[in-house]
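The values are calculated or read from the model by the stated rules, or taken from the named source; none is laboratory data. What you are looking at is a predicted structure, and each value in this text was computed from that prediction instead of being measured. Virtual Cβ from ideal backbone geometry, glycine too; neighbours counted across all protein chains shown.
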């Protein structure tokens, strides 16, 4: 009985430590620094440019009051749809709110898909996802492999 | 002893030589006369041609113009369908009637000379002149001060001053209108197209005489303007407009954003090549049965385009009506070979160029 109880308590301690470790991200990293770390994982990064304020307002619907730092990179040409955004917010509630807006954006993108010129890019849109790492929230529209590499680089740059 | 008959005596030789000389002289005289006659006839013909040229007026429609394979008139009636094919094979003549305003007599022509006398000169009544006829409005075109009116065709040289910026409906000029528009006056995006969103970030392919289109340098519209400094820029964008398919957007939001893109192009031109005369062109009609881009949506976008051009006081070429049939569909024979209901073929681009030339940006 004692052995069982000890094992159980150890397991609980182990899991609690694991949980704490996975939720710990830095909150002081500039989004530009994160982009510099992660964007090289995108092979066609040279096709990306900073989105205009109109894009932020109309497409993402994210008001400037909801974040304190952001980078949104959109494609300059029609042949590639690679795209991503990283926002730094003040708290979890804001992160959740922005994430909801970004999900709406991705839904809208999927509904307006026009593959006349770039049908082969559709899987990227199907694979698009939002992410949250502590106070950082965003989305990626990338190929599966580049998305994994991008998010991994992002997460590594945010770990203590 | 009689001399051998074969022996030539000096006396016999001199007689024969004289006969020969005489014959030669006659031949030479005849040839000289003939030559002189030919010269006189030639000059006579020349003089006659000059006289006839002065009597006959010059042909108003030259068969071909230098620098291209010719720009034959294209039938522009709504119910006629111009033939497609190689340049120079079009049939029919344009039935477009260009009404130019009558030039009134100027007051200067009738002014009396001033005299140094102190006596007042009698006042002469200015001649009664008819007011200039108003420019003809193209039928079916909205009435707006920014819509460019029809005017006299300034000729093929006009196109040397014009650059075209657009999506695939402009890119097609490189293929179907290369005898009319120089390739380096056509700015299209990568893949030959541009979505009308975040337009200031969009790249165009900078024309290159050596490389293939796919390898042309990609630069922003701003950079292209700084490099080329075009005299006239005609922008035809908007048939690719992804917000139109976004179920989360309302038409009000779509209009707001569309007009912001028009303004963004305007600002980009003003900032990077302020001396360029900017004009927008309406989106061409489509064929509803052949494409998902319906004319109802195209009409709406053209309406937004007109509103923003009016707000910015920027000229607008309303070729949309000109390119459509009586049902507002793209004239079928203007549709490209793959019949997608959107893109133009040779006949279609000829109609566009006709419209551009007969609606010059002043």
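Computed quantities for the displayed model
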| item | result |
| --- | --- |
| Failed condition for residue A:111, given (1) touching a residue at least 24 places away in the same chain (Cβ under 8 Å); (2) within 14 Å of chain B (Cβ to nearest Cβ) | (1) |
| Residue count for region A:56-70, restricted to those that are under 30 Å from residue B:168 (Cα atoms) and surrounded by fewer than 23 Cβ atoms within 10 Å (Cβ to Cβ) | 5 |
| Residue in region A:74-85 that is within 23 Å of residue B:256 (Cβ to Cβ), in a helix (DSSP H, G or I) and touching a helix residue (DSSP H, G or I) at 6+ places or on another chain (Cβ under 6 Å) present | no |
| Residue list for region B:163-195, filter: in contact (Cβ under 8 Å) with a residue 40 or more places away in the chain, under 29 Å from residue B:245 (Cα atoms) and more than 11 Å from every other protein chain (Cβ to nearest Cβ) | B:164, B:165, B:166, B:169, B:170, B:172, B:173 |
| Selected residue [at pLDDT 50 or above and under 30 Å from residue B:152 (Cβ atoms)] from B:53, B:30, B:35 | B:53 |
| Within region A:114-160, considering residues that are in a loop (DSSP other than H, G, I, E, B) and in contact (Cβ under 8 Å) with a residue 12 or more places away in the chain, the one farthest from residue B:247 (Cα to Cα) | A:160 |
| Residue within region B:304-320 that is in a loop (DSSP other than H, G, I, E, B) and free of Cβ contacts under 8 Å to residues at least 24 places away in the same chain present | no |
| Number of positions in region B:235-287 that are over 28 Å from residue A:113 (Cα atoms), in contact with a strand residue (DSSP E or B) (Cβ under 7 Å, 6 or more places away or on another chain) and not in a loop (DSSP other than H, G, I, E, B) | 4 |
| Residue within region B:295-305 that is touching a strand residue (DSSP E or B) at 6+ places or on another chain (Cβ under 7 Å) and more than 23 Å from residue B:184 (Cα to Cα) present | yes |
| Qualifying position, being modelled with pLDDT under 95, touching a helix residue (DSSP H, G or I) at 6+ places or on another chain (Cβ under 6 Å) and away from every other protein chain (no Cβ under 11 Å), among A:94, A:68 | A:94 |
| Hey, residue B:263 within 29 Å of the chain's Cα centre (by Cα), within 11 Å of chain A (Cβ to nearest Cβ) and either at negative phi or surrounded by fewer than 18 Cβ atoms within 10 Å (Cβ to Cβ) (or both) or not | yes |
| Among residues of region B:207-245, those that are surrounded by fewer than 22 Cβ atoms within 10 Å (Cβ to Cβ) and within 13 Å of chain A (Cβ to nearest Cβ), counted | 12 |
| Test: residue A:37 is crowded, with 16+ Cβ neighbours inside 10 Å, more than 14 Å from chain B (Cβ to nearest Cβ) and modelled with pLDDT of 95 or more | yes |
